[in-house]
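Read the structure below first, then the notes.
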Amino acid sequence: MGFAVRHTTLWAAVALPLALAGCVHATAVDRAQTLVRQHREEDAVASLRKDLAAHPEDVPARRLLVRLLGFTGDMNAARAETEDLVARLGPDDPTPYVELGHALELAHRYDEALEAYDAAASAAPASPVGPREGGMRAARWGEAEWARPRLEEAVRRGGGDAETWHTLGLVRLHLGDEEGAEQAYRTGAAVEPTGPACWLGLATVAVVRGDGAAALAAYDKLMELRPRFAAGEMGRAWALAKLGRKDDAAKALDRAQELGAPEPQIARQRAALAAQGVPDVKVRE
């Protein structure tokens, strides 16, 4: 992994609303995050250690420190800070194990990271936090078979936010479970009707099934939510062509082109329509 990509991953891991989690000395977290943006991770670690010497009860600062120690490769120190979090939060709080998981992930020790997320799930058997974190991270790694049981356990425990349902739908679809994917996407869309992700997921399931009517319904809703989404308009064109509405499909492609859809993809769909005998379709080379 290149430095720029790795640093972007670090920033995604530390750019969290930690101050909202009850930080008693929020400037310490702010200062450390600023140093991370400047690629000064060692200075960020030193800054957090200085703050914690004066404010040992600053849990969000210690959480951030665990992650930074993972990124810098000091896993012994990260584990020690995790143990301190366990002592402060109690053994049935999943937070310390989640933070250790992120530290291990930043150190590219993915199997151990998943073990830490599973430890978070075991520490708090009623909480969706541990299985959700493990499932979401496994999905991000492309490990659908690892992600599915953890995400399903998270929603069983009540962690059914729209992002979790969307990721579960994506994982199920990747594993060939179209019915399960549709159920997850529909539930996610019901949880967050104005969010586009699950509607796009429903459209994708319909396309995989070759169901033009279902795809059109999902794409229409998606375009209602995101009127300038060029890929959604191209999806509408595919669905309309599938339903035999070739003139409407051509108009949808015109609109997709106006919205900036890639010319090669527009050309391919126009060529497909032309081959079906639509007289007003212009095939672009």
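The values are calculated or read from the model by the stated rules, or taken from the named source; none is laboratory data. Quantities reported herein were computed from a predicted structural model and do not represent experimental measurements. Note that we place each Cβ from the backbone using ideal geometry, even for glycine, and neighbour counts take in every protein chain shown. For accessibility, only protein heavy atoms count, side chains too; no ligands or nucleic acids. Shrake-Rupley method; radii C 1.70, N 1.55, O 1.52, S 1.80 Å.
Mind telling me which of the residues GLN276, GLN257 ends up being modelled with pLDDT of 95 or more, among the polar types (S, T, N, Q) and more than 24 Å from the chain's Cα centre (by Cα)? Spell out how you get there, then give the answer.
Numbers: GLN276 fails: modelled with pLDDT of 95 or more.
Going through GLN276, GLN257 in turn, just one is modelled with pLDDT of 95 or more, among the polar types (S, T, N, Q) and more than 24 Å from the chain's Cα centre (by Cα): GLN257.
Being of a type outside the set (Asp, Glu), part of a helix (DSSP H, G or I), farther than 30 Å from GLU179 by Cβ and touching a residue at least 60 places away in the same chain (Cβ under 8 Å): is that true of HIS108 here? Quick ask: steps written out before the conclusion?
On the way: of a type outside the set (Asp, Glu): yes; part of a helix (DSSP H, G or I): no; farther than 30 Å from GLU179 by Cβ: yes; touching a residue at least 60 places away in the same chain (Cβ under 8 Å): yes.
No; evaluated as a whole, the condition is false for this residue.
May I ask you to list the residues in region 248-268 that are more than 19 Å from ALA214 (Cα to Cα) and open to solvent by 50 Å² or more (accessible area, probe 1.4 Å)?
LYS251, ASP254, ARG255, GLU258, GLY260, PRO262, GLU263, PRO264, GLN265, ARG268
Each row is one residue, and each column tells you yes or no for (1) in contact (Cβ under 8 Å) with a residue 24 or more places away in the chain; (2) touching a helix residue (DSSP H, G or I) at 6+ places or on another chain (Cβ under 9 Å); (3) over 23 Å from GLU163 (Cα atoms); (4) not in a helix (DSSP H, G or I).
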| residue | (1), (2), (3), (4) |
| --- | --- |
| THR82 | no, yes, yes, no |
| LEU85 | yes, yes, yes, no |
| VAL98 | yes, yes, no, no |
| GLU112 | no, yes, yes, no |
| TYR117 | yes, yes, no, no |
| ALA126 | yes, no, no, yes |
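Residue under question is LYS242, and the condition is that it be touching a helix residue (DSSP H, G or I) at 6+ places or on another chain (Cβ under 6 Å), closer than 30 Å to ARG268 by Cα, open to solvent by 60 Å² or more (accessible area, probe 1.4 Å) and not aliphatic (A, V, I, L, M); does it hold?
Yes; evaluated as a whole, the condition is true for this residue.
Which of the residues spanning region 207-221 are of a type in the set (A, V, I, L, M, F, W, C) and surrounded by fewer than 24 Cβ atoms within 10 Å (Cβ to Cβ)? Give the steps one after another, and end with the answer.
The initial filter retains those residues of region 207-221 that are of a type in the set (A, V, I, L, M, F, W, C), namely 207-208, 213-218.
Result: VAL207, VAL208, ALA213, ALA214, LEU216, ALA217.
Could you run through region 88-139 and say how many residues are hydroxyl-bearing (Ser, Thr, Tyr), under 25 Å from ARG172 (Cβ atoms) and open to solvent by less than 50 Å² (accessible area, probe 1.4 Å)?
So the answer is 2.
Can you say whether LEU202 is in contact (Cβ under 8 Å) with a residue 24 or more places away in the chain and either crowded, with 20+ Cβ neighbours inside 10 Å or on the phi > 0 side of the Ramachandran plot (or both), as far as the supplied structure shows?
On the way: in contact (Cβ under 8 Å) with a residue 24 or more places away in the chain: no; either crowded, with 20+ Cβ neighbours inside 10 Å or on the phi > 0 side of the Ramachandran plot (or both): yes.
The answer is no for LEU202.
Condition check: β-branched (Val, Ile, Thr), at pLDDT 95 or above and under 20 Å from GLY159 (Cβ atoms). Does VAL98 satisfy that? Before the answer, list the steps.
Details: β-branched (Val, Ile, Thr): yes; at pLDDT 95 or above: yes; under 20 Å from GLY159 (Cβ atoms): yes.
Yes, satisfied.
On the given criteria, is LEU168 without any contact (Cβ under 8 Å) to a residue 60 or more places away in the chain, open to solvent by less than 50 Å² (accessible area, probe 1.4 Å) and out of contact with any His (no Cβ under 8 Å at 6 or more places or on another chain)? Break it down into steps so the answer makes sense when it comes.
Working: without any contact (Cβ under 8 Å) to a residue 60 or more places away in the chain: yes; open to solvent by less than 50 Å² (accessible area, probe 1.4 Å): yes; out of contact with any His (no Cβ under 8 Å at 6 or more places or on another chain): yes.
Spelling it out, LEU168 is indeed without any contact (Cβ under 8 Å) to a residue 60 or more places away in the chain, open to solvent by less than 50 Å² (accessible area, probe 1.4 Å) and out of contact with any His (no Cβ under 8 Å at 6 or more places or on another chain).
What number goes with the only condition from (1) more than 13 Å from VAL191 (Cβ to Cβ); (2) open to solvent by 20 Å² or more (accessible area, probe 1.4 Å) that ALA154 does not pass?
(2)
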